[in-house]
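For reference, the structure is listed below as structure tokens.
The values are calculated or read from the model by the stated rules, or taken from the named source; none is laboratory data. In this text, all values refer to a predicted model and were calculated from it rather than measured experimentally. Every residue, glycine as well, gets a Cβ built from its backbone with ideal geometry; the counts of neighbours run over all protein chains shown.
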Amino acid sequence: MIEALLRAATFASLVAILAFAEWRRPRNPTAPDRRHRWPVNFTLGVINVVAVRVLMPWVAVDAAHWSELHRTGLLRLTGASPMLGALLGFMLLDLAVYTQHLVSHRLPLLWRLHRLHHTDLVLDVSSAVRFHPLEILLSMAFKTGVVLLLGVSAETVIAFEIALSAFALFTHANLAFPIPVDQALRSLFVTPDMHKIHHSVERAEHDRNFGFQFSVWDRLFGTYLARGANPPARIRLGLREFRSPAEQRLPALLLQPLR
């Protein structure tokens, strides 16, 4: 319960801070269209939270507690100190999420679920929660399995989940950073301009930059793209086949995997 309240408080605070920052320094001043998009995107977010709470009573943090109780997991076999184990666990969880994201673009069945996230014609802080409930359930099941395999501590899992949510909000935000600042940040972290390329309508661009938090995985595995064909403010977002207003409504989005 405390973990859930902490995540909720962090999420609400960051939404407010980033929404204000988007208003003060937007990458694309004409883009937000909050009146139509925010109700849809945040309703999807609420549906996803409820789906996980109702349908998955055993999630990643529960798996971590079980692993600690039974002293299981690959990290414990290494004999690493608690601090080193926490660092390795955090980074390996991030690598796992990167891998899952890449596979979601490669396998047609998973792409049917993930493409809902890419149908947003505008990017802002609300885009961070625009996912299909089935994808969120599969993602949580995958993370739970990874936690069991590695034996990541509960504290590390909580910290990772909070950081993952925070970076999802940050990287989707409609924020403008000076080029030198963006370059400095993306030497380690994913930035909004870097992630915006991933949401390009061009397949060669949206199949790059899969990282959520750290840019190292894209650089290491050859999926990094520094610049798209257009500058960030002029990147055409979304998918070609889902651009009409009817396709952006909540019922159509929930039924989209069947299309």
Pairs under 8 Å by beta carbon, first residue farther than 19 Å from Leu44 by Cβ in the stretch 126-148, partner among the aromatic types (Phe, Trp, Tyr), six or more apart or different chains?
Thr144/Trp58; Leu148/Trp66
Do we have Val54 as in a helix (DSSP H, G or I), modelled with pLDDT of 95 or more and surrounded by fewer than 16 Cβ atoms within 10 Å (Cβ to Cβ) here?
no
Of all residues in the stretch 204-242, count the ones that are of a type in the set (Lys, Arg) and surrounded by 14 or more Cβ atoms within 10 Å (Cβ to Cβ).
3
Selection from the stretch 1-50 of residues that are of a type in the set (Ser, Thr, Tyr) and farther than 26 Å from Ser244 by Cα
Thr10, Ser13
Kindly establish whether Leu258 is at pLDDT 95 or above and more than 27 Å from Arg25 (Cβ to Cβ).
no
So in the stretch 1-45, with the set limited to residues that are among the basic types (Lys, Arg) and assigned to a helix (DSSP H, G or I), which one is surrounded by the most Cβ atoms within 10 Å (Cβ to Cβ)?
Arg37
Only one of Val201, Val157 is closer than 20 Å to Leu88 by Cβ and out of contact with any Phe, Trp or Tyr (no Cβ under 8 Å at 6 or more places or on another chain). Can you tell me which?
Val157
Enumeration of residues in the stretch 214-247 that are of a type in the set (S, T, N, Q) and touching a Lys or Arg at 6+ places or on another chain (Cβ under 7 Å)
Ser215, Thr223
